[in-house]
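Notes for the one structure printed next.
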Amino acid sequence: MTEDFAAVINSSLGGWNRAMGLSFTRATAEEVSAELSVGPEHLQPYGIIHGGVYAGIIETVCSTGAALAAARNGQVVVGVENHSTFLRATRAGKLTVSAKPLTRGRRTQVWDGRVTDETGTLIATGRVRLICMDGGSELAGERVSVRG
């Protein structure tokens, strides 16, 4: 059975994830899902959810799954490409974002993300490509390490 890290991740949320109000419901190396209750902070000037919210939550769940998979090899991951497609506009409610791997190699991973509304309607999709780096590698002038 695969260990689920959702509770651990939720207890240490910070930065962008906390600001967005993202709450993980499942977090394994095979599948990640999270929920977000839409508020005024998520809307663009026309009153619909900002596309950056979709791109950001897709990247977050994809990166989380990739990080859990890479940690098994003493590696960390960094996103190098995020292609998000916005399919339907929505203004309110709860969003569910989920991600599953397409490929998990030793040097790169590719994950697919999906965002649905409360009725299960598909709102946005995305694909995130991540590079796997050995723990202790330098990134933006600092050494990165695998969190335990």
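The values are calculated or read from the model by the stated rules, or taken from the named source; none is laboratory data. What you are looking at is a predicted structure, and each value in this text was computed from that prediction instead of being measured. With ideal geometry, Cβ positions are generated from the backbone for all residues, glycine too; neighbour counts draw on all protein chains shown.
Worth a mention:
- Selected residue (criterion: nearest to MET20 (Cα to Cα)) from residues of segment 67-102 that are of a type in the set (A, V, I, L, M, F, W, C) and under 9 Å from the mean Cα position of the chain (by Cα): VAL97
- Where a residue in segment 121-132 is within 14 Å of PRO101 (Cα to Cα) and its partner, wherever it lies, is of a type in the set (Phe, Trp, Tyr) and in a strand (DSSP E or B), with Cβ under 6 Å and at least six apart: VAL128/TRP111
- Whichever residue in segment 46-87 is closer than 22 Å to ASN10 by Cα and among the charged types (D, E, K, R) and, among such residues, is surrounded by the fewest Cβ atoms within 10 Å (Cβ to Cβ): ARG72
- Filtered by the rule that a residue be buried (at least 16 other Cβ atoms within 10 Å of the Cβ) and without any contact (Cβ under 8 Å) to a residue 24 or more places away in the chain, segment 88-113 gives a lone residue, VAL110.
- Taking first residues from segment 1-15 that are farther than 15 Å from ALA34 by Cβ and partners that are of a type in the set (Val, Ile, Thr), the Cβ contacts under 9 Å between residues at least 6 apart in sequence or on separate chains come to THR2/THR28; GLU3/THR28.
- Candidate set from segment 114-127 (those that are out of contact with any Phe, Trp or Tyr (no Cβ under 6 Å at 6 or more places or on another chain) and within 19 Å of GLU59 (Cβ to Cβ)); member that is surrounded by the fewest Cβ atoms within 10 Å (Cβ to Cβ): LEU122
- Unmet criterion (only one of (1) of a type in the set (A, V, I, L, M); (2) out of contact with any helix residue (DSSP H, G or I) (no Cβ under 7 Å at 6 or more places or on another chain); (3) more than 25 Å from SER145 (Cβ to Cβ); (4) touching a residue at least 60 places away in the same chain (Cβ under 8 Å)) for LEU36: (2)
- Any hit, segment 126-139, residues being under 26 Å from GLY51 (Cβ atoms), part of a loop (DSSP other than H, G, I, E, B) and at pLDDT 95 or above: no
- Test for GLY113: is it closer than 30 Å to GLY93 by Cβ and among the small types (Gly, Ala, Ser): yes
- Inter-residue pairs, beta-carbon under 9 Å, first under 14 Å from THR116 (Cβ atoms) and among the acidic types (Asp, Glu) and in segment 75-87, second at pLDDT 95 or above and surrounded by 13 or more Cβ atoms within 10 Å (Cβ to Cβ), 6+ apart: none
- Among the residues of segment 61-74, the one identified as of a type in the set (Ser, Thr, Tyr) and either more than 12 Å from TRP111 (Cβ to Cβ) or free of Cβ contacts under 8 Å to residues at least 60 places away in the same chain (or both) is THR64.
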